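Taking it in order: structure first as C-alpha cells, then the write-up.
The values are calculated or read from the model by the stated rules, or taken from the named source; none is laboratory data. None of the values given here were measured: they were computed from a predicted structure. With ideal geometry, Cβ positions are generated from the backbone for all residues, glycine too; neighbour counts draw on all protein chains shown. These area figures cover heavy atoms from the full protein model, side chains too; ligands, DNA and RNA do not enter into them. Shrake-Rupley method; radii C 1.70, N 1.55, O 1.52, S 1.80 Å.
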Amino acid sequence: MSDNRETEGAAGLAGGAIQVKDTRTGAEAEIPIEHGAIRAAALLGIRSGPEDEGIVSYDPAFKNTANCISRITYIDGDRGILRYRGYPIEELAGNTSYLDIAWLLIHGELPTSAESAAWAAEVGAELGVPDPLPRILDGFNPDGHPMAMFIALLAGLGALHPESKQVTDPATRAAHVRRLIAAAPTLAAMTYRRGKGLDPVAPRADLSFPANFLNMVFGGEGSGYEVHPALEQAMDVLFVLHADHEQNCSTSAMRGVGSSHADPYSSAAAASAALYGPLHGGANEAVLRMLDEIGTRRNVPAFMDEVRSGKRRLMGFGHRVYKSYDPRARIIKKTAYEVFEVTGKNPKIDIALALEQAALEEDYFIQRRLYPNVDFYSGIIYEAMGFPVGLFPVLFAVPRMSGWAVQWNEMLEDREQKIARPKQLYLGQPKRPVPTA
Ligand code: CMC
C-alpha cells in the first residue's frame, strides 16, 4: 500500500487525478493527485451556489489527513516498518548511539566519527540547566507527578532563554534544538531526585549521554553508584527506539503550538503534556499499574474477559498506525532479557507474556488488529532498572525531545506551513435573539 508513496513520494508519485461530480449541481471537477494525496483546499472550489464556501473535508482525530510533508521518519503500519531518514530501526538500535541518531534526525545523514565526537562535545557543554530551575523544582511536593514537574521545568527554560523566541532565525533554532536535546535528561533526573527528596546531581560530560543520565538519577557524591555497561547500552537502545515517530499526538502538539511562533521550550512543554496522557506516552506507566492490578498469571483470563466486554483496555496494545507488531516492541522485549541478566528478572514479564499470548489468540484482538506497542514491555525494563512508575512517561519524553525539536524545525522551514488552524462543522443554534426579561 505505502510502497509507492515511500519510494516515489519525495520524487513525486506519477500524477493522475480524481474526478468528482457534485450531484447538487451536476458540476464536475478534476482534483490532481500529488504523492498519493489530494489537496483539501481543492475541494473549496466545489460550491452549490455563490453563498456556499465550498466543500470541507471532515476528519475527526485526523485519521486520514496529512498535515505536512516530512522527510524525517517513515512508518508502514501494515508491515510493521519504522525508519529514521530511510534507515531501518532494527539496524539502528544497538548499533548507533542515541546522540548519533539525534544528529541523523537533524542533518539527514549519520555523522562521521569526527562529527559524532564534535556533536557529543557540543551537547555535553549544554547539559547543565540555569540556576533558577532547581528553585522552581523545590516548589513542588515530592509526591507530585514527575511528568507535571518536567512540563513546568521545560516551560521555565523558555522564560530563561527569551532569545529562543527568534524562531525565524535558523541559527537560533539550531542552538535551541541542541539545548532541548541536552537539557531533557537533566530535567528528567531532577524530577526523579525531587520525588526522593534528593538534591540534583550535576551532569558529567565525560560520560556517554545515557550513562550521564543514569548517573544523574541514581548517582551523586557518596552514592557509590557506578553505571553498569549493559544498562547504559539498554538505555541507549531505548532512547534510540523512542527518538521519533512522525506525526503522533505529541509531535502534532509541538508543530501546532510552534506554528504560532511560540518559543521552542513552550512548544516542547505542550508536546510533553500531550505525551503524558495514558493513550500516548503515559501508556508505559498505565501498563505497569495494570500489571500490578492483575497481580498474577492466574488473573489474566478474568482481565481479558473485561477487555473483551469493553469494560477495560489492554494498555500497551493497539496503535493508530501499526496494524501489525510494533517493531519497537519486538526490540524492547529482547532488551528486557538483557537487562534482567544484570538486575534479575522482573516477574511482571510473565504476566505480560501471558497477556500477549492470550491477546494474539483472541478474536477480539485479531479482528481489530491489536498488537503490543512500544509501551507494553518498556515499563517492565524501567522498573527492573529501579525507576519509579511515575517517571516512565518522562523517560519517553527525554529521547522524543530530538524528534519533537527536529519536526518543529522542519515545520518552520516549510514555506507551505502557516499557523495551524483546523476548521469545524458548526451544527449549533442558528442566529437567535437573547430573550428579554
Ligand atoms: N484494548 C482493548 N481494545 C482496544 C485497544 C486496547 N488497547 N485499543 C483499541 N481497542 C479497540 C477499540 O475499543 C475499538 O474497538 P471497536 O471498534 O469495537 O469500538 C478498536 O479497537 C479501534 O480502537 P480505536 O480506539 O478506534 O483506535 P485508535 O487508533 O483511535 O487508538 C490507541 C489507538 C493507541 C489510542 C488505542 O489502541 C489504545 O487506547 N491503546 C491503549 C493505550 C496505549 O497503549 N497507547 C500507547 C500507544 S503507542 C505509544 C505512542 O503513543 O506513541
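With each run of n ≥ 4 DSSP H residues scored as -39500 (n - 2.57), what mean residue ellipticity at 222 nm is computed for the chain after dividing by its residue count and rounding to the nearest 500 deg cm²/dmol?
Details: 18 runs with 218 residues, N = 437.
Roughly -15500 deg cm²/dmol at 222 nm, from the helical runs in the chain.
Sort out the exposed loop GluC sites (Glu not before Pro) in the chain (DSSP loop, at most 14 other Cβ within 10 Å) and tell me the longest stretch that has none. Spell out each step's value before the answer.
On the way: sites that count: Glu51, Glu53, Glu109, Glu221, Glu226, Glu416.
Answer from the scan: 227-415.
Taking every alpha-carbon pair under 8 Å whose residues sit at least 6 apart, segment 299-417 reaches a relative contact order of 33 percent. Measuring spread by the Cα atoms of the chain yields a radius of gyration and Dmax of 23.6, 81 Å. Normalised by residue number, the volume inside the convex hull of the Cα atoms of segment 220-293 is 147 Å³ per residue.
About the Cα centre of the chain, what is the dipole size in debye to 20, counting +1 per Lys and Arg Cβ and -1 per Asp and Glu Cβ, all else neutral?
Dipole magnitude for the chain comes out near 1280 debye.
With the Cα gyration tensor of segment 308-432 giving a ≥ b ≥ c as the square roots of its eigenvalues, does the rule (a/c under 1.5 for rounded; else a/b larger than b/c for prolate; else oblate) give rounded, prolate or oblate? It comes out oblate by the Cα gyration axes. Taken one residue at a time, the phi angles of segment 304-319 give Karplus couplings (6.51, -1.76, 1.60, θ = phi - 60°) of 5, 4, 5, 5, 4, 7, x, 7, 9, 10, 7, 5, x, 10, x, 6 Hz. Gly and Pro are set to x. Projecting the Cα positions of Ala182, Leu355, Trp119 onto the charge dipole of the chain (unit charges on Cβ atoms of Lys, Arg, Asp and Glu, taken about the Cα centre) puts Leu355 furthest along the positive direction. How large is the accessible surface of Val20 in square angstrom, using a 1.4 angstrom probe and rounding to the nearest 10? Per-residue accessible area (Val20): approximately 50 Å².
Sequence gap at least 6, Cα distance under 8 Å: using those rules, report the relative contact order of the chain to the nearest whole percent. In percent, rounded to a whole number, it is 19. Working note: Karplus 6.51/-1.76/1.60 with θ = phi - 60° gives segment 281-296 the couplings x, x, 5, 4, 5, 4, 4, 5, 5, 5, 5, 4, 5, 5, x, 8 Hz, where Gly and Pro are set to x. Pairs of lysines in segment 313-437 whose Cα atoms sit within less than 16 Å of one another amount to 4, provided the residues are eight or more positions apart or on different chains.
Using the 1.4 Å probe convention, the accessible area of the chain works out to 50 Å² per residue with neighbouring protein chains retained. Put a plus charge on the Cβ of each Lys and Arg, a minus charge on the Cβ of each Asp and Glu, and nothing anywhere else: the dipole of segment 123-214 about its Cα centre is then about 120 debye.
Residue by residue, segment 30-46 carries 3J(HN,Hα) couplings of 10, 10, x, 9, 10, 6, x, 10, 10, 7, 4, 4, 5, 6, 5, x, 8 Hz when phi is fed to the Karplus relation 6.51 cos²θ - 1.76 cosθ + 1.60 (θ = phi - 60°); x denotes Gly or Pro. Which shape class, rounded, prolate or oblate, goes with segment 23-162 when its Cα gyration tensor gives a ≥ b ≥ c as root eigenvalues, a/c under 1.5 marks rounded, and past that a/b bigger than b/c marks prolate? It comes out oblate by the Cα gyration axes. Separation of segment 296-358 from segment 13-50 is 45 Å, based on Cα centroids.
Residues whose amide H comes within less than 5 Å of that of Phe317, counting only those at least five positions distant or on another chain, are Asn373 (H built at 1.01 Å from N in the peptide plane). Here segment 194-239 and segment 99-159 have alpha carbon centers that stand 14 Å from each other.
So for segment 181-234, taking the charge dipole from beta-carbon charges (+1 Lys/Arg, -1 Asp/Glu), which of Gly195, Tyr225, Pro210 sits furthest toward the positive end? Of the candidates, Gly195 comes out farthest on the positive side. Computed from point charges on the beta carbon alone (+1 for Lys and Arg, -1 for Asp and Glu), the dipole magnitude for segment 349-404 about its Cα centre is near 340 Debye. The trypsin sites (Lys or Arg not before Pro) found in segment 252-343 that occupy coil by DSSP, while having at most 16 further C-beta atoms within 10 Å, are Lys311, Arg312, Arg313, Arg320, Lys323.
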